[in-house]
Structures are given as C-alpha cells and as structure tokens.
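Report on the following structure.
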Amino acid sequence: MMKDIFEIDCKQLQSELLSNKSPLATWNISLKDLQVKHCLLARVLALLYDNMLTIKSSGVKVNQIQGGLLPIVEIYTHKEIFLNGISKGLKGKNVYFVSQLMSSDGIRLQRYKDLKYRTKINTQGRISRWFKFIKTKLIEDPLKSKKVKTDYQLGYNIYSVNTKIDNLKIKNWITTFHNQIGKPIIGRVLNKPKEDKIRIEHWIQDLENDQISPSVQLPILKKCGGCEVKTNQIRNKRSNTKVRCIADISIENCVKVNANSIQNDHYIADMAIYEALAQAECKYYGKTSMNERIIEKKLI
C-alpha cells in the first residue's frame, strides 16, 4: 500500500514539474528555488539535493515518458516553468515535449487555437500567458513569422495526421505533396476518385502583406490562377479569360483538411495553412510513423 501511494506521489509531482522522467531520476532543484507547493516529497528531494544525497527506492517503477523531441524542462528553468504559468497551463495535459507544440515539419510553432487537435488543451478564449512566454522564447520575431529559432527546429513531427483517406467526396479539401514541383499544395476535389487517382483544383493562401510570413496571416484560401502545378487547363465556366489550375494526384498522398466559405469565392481553413501543408509533406516522405511518434508513457 505504501509503495503504491509513493508511486502515485511521484507521478503527480512529475506531472506538475512537466518532466519526461521521474523526479527520483532527475532531481536537481534546491530548496530555495523550489516552486512546488504543498508537496512533502518535493521538499524531501530538495533537502536531499542540497545535501548531495539521493533516494534509491527498490522496486519502484520509474515513469519515463518517451516519443517526443526536446523536453520542456531542457529549455526552461524550474522557476520559468512555474512563474510563467507553464506548469499550471500544461499540468495533466500530457504535454512534456516542445515537439508537441510544433508544426508537423518541426520548423514552426503551432497556432494556439490549433493545439486542440493534438492535446487536451482548452484553447477557447484569450491566448494563455504560458503560451505567450513559450512563443517569446522560441521565435525570433513572433509578429513576422511562426518559424522558431534554428536551435529549436526539429525533425518531422507527426502526431495527428489522419493517414487513412476514406470516402473522399467532391468539394472536399485536401493537402498533398506534388512530385513535379517538390512541395505540398492544397486543393479541392473536383470529381469522384478513379482507382487511386483524383482530380483537384489548386488553391493558394490569400496573402495581404508580402512583408511578413504567410504563417502569421489568416488561413484564407483563394483559387490559383495558374502555375507550375497545373496538368490540365480548364476554362472557368463563368469567364472565358480565367484558367483554372487543375491537377491529377494520387489519393494515397492526401490529407483531409476543413475549410468554410466566407465571401467572394474565398474560404478560411480551420487550421494554419503551414500546418496543413506540413502534414502532407510528412505523410509523403513517410519518415515518421504514427506508432513511433505518438507520446506514450512507458513504465521502466
């Protein structure tokens, strides 16, 4: 019974510290720096640390969390995690790695509202203080780009890409990696799938300011007026002068996305365009499988 209680205390403390390893294995916090309140185990470990002592408890499992990249505790100090609300905001959300907050290509920080797709974080209302602090630390100029500093850029990072493409219908939105141009694109399904192929119309992000990155602009979509993507040119029925950008693509490379109509043949995606495109790129290269990169708790 005492052993079970001790293990529960260890896991609760680990969750509050946002550590991917048990506090018994990684404790390095002195009593004067300790921010954890009302936790006897934390105070005991801090006192032992101050006196250069450690606990070795025979038979107690070490709850090591694996699967993510760049643990949060490696780039933020214990005080930063508590004084800036990071612990309060992420405690109990199973978020222990920076990669869980990043785009699928590991280059950009996710939009706050998009975290709901892969974590238990409630993103309704105002952007939380803890997320603003993380953004300030990771990004050079948050007003101009979502791209993180080079030191924090990670590899492909798939958590929530739906690799199964079933029941694609006309007018569905998808992203896919386009072989000919060597980059992902977004499009809208034009007709029913034929075997493993489908015809889409290419759409692009409608950018209002070319002085800042598309990543900080609204995810508004408009039709592409013609580019290197097109494999078929079809005149728009409404106008004899416009050419629609049409391509035939492989279904297996597609990732479904959602977008809603706003006005004047424009749509707004329900997630950042850069994330939707990154998911398609990750799926195409297949460098990371879902089973390998889903955050799992493993008892060692």
Can you pull out every residue in the stretch 258-291 that is buried (at least 22 other Cβ atoms within 10 Å of the Cβ) and modelled with pLDDT under 85? none
Could you list, in sequence order, the residues of the stretch 108-119 that are outside any helix (DSSP H, G or I) and either touching a Cys at 6+ places or on another chain (Cβ under 6 Å) or farther than 11 Å from Gly89 by Cβ (or both)? Arg108, Leu109, Gln110, Arg111, Arg118
The stretch 175-200, residues that are part of a strand (DSSP E or B) and more than 21 Å from Glu275 (Cβ to Cβ): Lys194, Lys197, Ile198, Arg199
For the stretch 15-90, give me every one of the helices (runs of 4 or more DSSP H) that falls completely inside it and has 1 or more residues that are within 26 Å of Leu154 (Cβ to Cβ). 23-26, 78-83, 86-90
Among Thr77, Thr150, Thr119, which is the only one that is without any contact (Cβ under 8 Å) to a residue 12 or more places away in the chain and farther than 20 Å from Gln35 by Cα? Thr150
I need a count of the residues in the stretch 111-123 that are modelled with pLDDT of 90 or more and out of contact with any Ser or Thr (no Cβ under 6 Å at 6 or more places or on another chain). 3
Would you confirm, using the coordinates I've provided, whether Ile134 is at pLDDT 95 or above, assigned to a helix (DSSP H, G or I), under 28 Å from Asp4 (Cβ atoms) and of a type in the set (A, V, I, L, M)? no
Condition first: surrounded by fewer than 17 Cβ atoms within 10 Å (Cβ to Cβ) and in contact with a Ser or Thr (Cβ under 9 Å, 6 or more places away or on another chain). Can you find one or more residues in the stretch 98-106 that meet it? no
Residues of the stretch 96-149 satisfying the condition of being over 14 Å from the mean Cα position of the chain (by Cα) and among the polar types (S, T, N, Q): Asn122, Gln124, Ser128, Thr136, Ser145
Does Phe177 count as farther than 23 Å from Cys282 by Cβ, aromatic (Phe, Trp, Tyr) and either modelled with pLDDT of 95 or more or surrounded by 12 or more Cβ atoms within 10 Å (Cβ to Cβ) (or both)? no
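The values are calculated or read from the model by the stated rules, or taken from the named source; none is laboratory data. Fair warning: this is a prediction, and the values are worked out from it, not measured in the lab. No Cβ is skipped: glycine too gets one built from the backbone with ideal geometry, and neighbour counts run over all protein chains shown.
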